[in-house]
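Structure first, commentary second.
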Amino acid sequence: MKLSEELAEYIGACFTGIWIETFEPEEALREIAELCREQDWELATWDIHNGLGTPGASSQSANDPLAALQVARQMAGNASLLTLTNFHRFLGSAEIVQAVAAQIERGKQQRTFLVILAPVVDLPKELEKRFVVIEHHLPDREQLRAIASETATEPGEFPTDEAELQQILDAAAGLTRMEAEGAFSLSLVRHGRLDAETIYRVKGQQLKKSGLLTLHDGPERFDQLGGLAALKSFCQRVLRPTTTESLASPKGILLVSPPGCGKSAFCKSLGNEVGRPTLRLEMGALMGSLVGQSEANIRQAIAQAEAMAPCILMLDEIEKGLAGMSGGGHSDGGVATRMFGTLLSWLADRTSDLFVVATANRVNQLPPELTRAERFDGVFFVELPGRGEKDAIWQIHRRTFAIDAQHELPVDDEWTGAEIHSCCRLSRLLGVSLVEAAQNIVPVAISAAESIGELRQWASGRCLDAERGGICRGASQQSAKRRGISMRPSEN
């Protein structure tokens, strides 16, 4: 629903306090002014820089917020609107809060409406029940298409191929109208045409401002990642392009494994493989020092990610962001519990074309509600690579670091893909053989043997096998057989 349509409904129902959450106050004001002209409503605008005025008229000198509120008393007619831009900055004053509350109450008799435009909803307790909140949505694909056609007007600048145009619109999704126009213009300056890669780079720069999400910009593909055959096939099938409307949409996957087994590398390569941007959300970065900041951060991050759909959302090491749950919420005042509730509701109820890939190393910190059906399409256990997988990984990294294929391989029992990568890198860095480089590596399967054993035991019967597919059964026994390791009891 358009902002003007929703606003007209609330005015018709006589909600005299209306808060519009918007990152584009100028665009919101344009829609409000158009609505007022259509309905023959009186409109006055105010901001701290321009003072009091009406669209198209010279501003008056009243840039005192209290003086602006007094103007509402003098307005009369079928309906009268006073818009206050970024007025949340002044609601720390008890005098202004009281004046706002009085005007909202008075407005019911006078049919005068206070409309606050702000990028955040930041209401003091005294006003929470007096305002209704409307979200001014970012431009949809049709609006982005119109902006693109208005920007790219010369022959050859606007794509004629519909598939190419859809890629450009995907790249621009989540940008404001001004940001989209700037990204389109930069594409024209650099390439003489609209270019999806340039738009993605502009989007990545915009994401850095919030500090919550980052846009991964790397060349990784599945052919650079050894093993995980069943996991790769599963994701490619659920994310395959469809030519007709589908009754079922993919939700995401949860990857559980010891450190260094390729979870993060898989996330980074998945987006490039299926042609979607990959957004990375560090769960630990959501925690804020102020009351309510952590909960607001996760809502903001979710909103930003959904605005950029279709995309891949990577929740790396999700258990770290929910660590406070293990203490029943007492260690952090219940912040992790509230964040977890928000995340759970969103994972189950979301309808946007956003594929979530969450990773975890420690299952004892994962709440059981997270792994139930319909949160994710599948929970996969990524085991240490078997012999065939390790051979493929050795081949990839020896090629990456230009290491002669004739070099003897070290004993790599219980090695992860990260340790194979490290061995090849150290061999090149130190100018030594692979066998000598291996003397600098202590496998995580040895340094964290107890926790990995617990992880394998937990995965048995609960997870899907990322390499072979199907349910993991007796993960410890099966993984040992895959790697050719004896499971005889120790003689110690």
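Angle between the Cα long axis of helix 94-110 and the longest principal axis of the chain, 0 to 90 degrees, nearest 10?
Between helix and principal axis, roughly 60 degrees.
Just to make sure I understand: if all protein chains stay in place, what is the order of 190, 106 by accessible area at 1.4 Å, largest first?
On the way: 190 140, 106 60 Å².
Descending order: 190, 106.
Do any of 232/390; 125/209; 263/390; 209/268; 125/251; 2/209 go past 25 Å between their Cα atoms, and which?
Values: 232/390 17 Å; 125/209 29 Å; 263/390 15 Å; 209/268 21 Å; 125/251 37 Å; 2/209 27 Å.
Exceeds cut-off: 125/209; 125/251; 2/209.
Modelled label-to-label distance, residue 150 and residue 101, 7 Å Cα→beta-carbon offset: nm?
The answer from the label model is 4.2 nm.
Looking at the calculated P(r) for segment 74-218, what percent of the C-alpha pair distances fall above 17 Å? Each step should come with its number before you reach the end.
Numbers: 7185 of 10440 pairs.
Counting pairs separated by more than 17 Å, the tail of P(r) holds 69 percent.
Does segment 373-422 come out rounded, prolate or oblate by the C-alpha gyration tensor, with a ≥ b ≥ c the root eigenvalues, rounded set by a/c under 1.5 and, if not, prolate when a/b is larger than b/c and oblate if not? Let's see the in-between values first.
Working: a/c = 3.53, a/b = 2.41, b/c = 1.46.
It comes out prolate by the Cα gyration axes.
Please give the helix 25-39 orientation as an angle from the longest Cα principal axis of the chain, in degrees from 0 to 90, rounded to the nearest 10.
40 degrees
When only DSSP loop residues count, what GluC sites (Glu not before Pro) in segment 349-426 have their Cβ near at most 13 other Cβ atoms within 10 Å?
On the way: sites: 369, 374, 383, 389, 408, 414, 419; in loops: 374, 383, 408, 414.
Sites meeting the loop and neighbour criteria: 374, 408.
Ignoring any ligand, DNA or RNA, what whole percent of the accessible area of the chain comes from carbon and sulfur when the probe is 1.4 angstrom?
Working: 12010 of 24450 Å².
On the chain, the fraction of accessible area on carbon and sulfur atoms equals 49 percent.
Mind putting a number on the dipole of the chain about its Cα centre? Charges go on the C-beta only, +1 for Lys and Arg and -1 for Asp and Glu, and I need it in Debye to the nearest 20.
1280 debye
I need the calculated FRET efficiency for the pair residue 132 and residue 387, taking r as the beta carbon distance and R₀ as 56 Å, to the nearest 0.05.
Numbers: r = 63 Å, r/R0 = 1.13.
That gives a FRET efficiency of 0.35.
Between residue 13 and residue 450, how many nm apart are label points set 7 Å from Cα along the C-beta direction?
A separation of 5.8 nm, rounded to one decimal place.
First measure r as the distance between the Cβ atoms of residue 433 and residue 223, then evaluate 1/(1 + (r/R0)^6) with R0 = 30 Å and state the FRET efficiency to the nearest 0.05.
Values: r = 27 Å, r/R0 = 0.89.
Efficiency computed from Cβ-Cβ geometry: 0.65.
Quick one: angle between helix 263-274 and the longest Cα principal axis of the chain, in degrees between 0 and 90, rounded to 10, please.
70 degrees
Can you give me the relative contact order of the chain as a percent, contacts being Cα pairs under 8 Å and 6 or more apart? Please report the intermediate quantities before stating the final value.
Numbers: 781 pairs, mean separation 59.2, N = 492.
About 12 percent, as a whole number.
Using a probe radius of 1.4 Å on heavy atoms only, what accessible surface per residue do you get for the chain? Whole Å² is fine. Intermediate results must be reported in sequence, preceding the final value.
Values: 24450 Å² over 492 residues.
Ligands and nucleic acids excluded, the result is 50 Å² per residue.
Need one word for segment 400-469: rounded, prolate or oblate. Basis is the Cα gyration tensor (sqrt eigenvalues a ≥ b ≥ c); a/c below 1.5 gives rounded, then a/b vs b/c decides.
Working: a/c = 3.39, a/b = 2.06, b/c = 1.64.
It comes out prolate by the Cα gyration axes.
Report, to one decimal in Å, the Kirkwood hydrodynamic radius for the chain based on all distinct Cα pairs. Each step should come with its number before you reach the end.
Working: mean 1/r = 0.0381 Å⁻¹.
Result for the chain, one decimal place: 26.2 Å.
The values are calculated or read from the model by the stated rules, or taken from the named source; none is laboratory data. These figures come from a predicted structure and were not determined experimentally. Here the Cβ is made from the backbone with ideal geometry for all residues, glycine too, and neighbour counts use every protein chain on show. Side chains included, ligands, DNA and RNA excluded: accessible areas come from the protein's heavy atoms. Shrake-Rupley method; radii C 1.70, N 1.55, O 1.52, S 1.80 Å.
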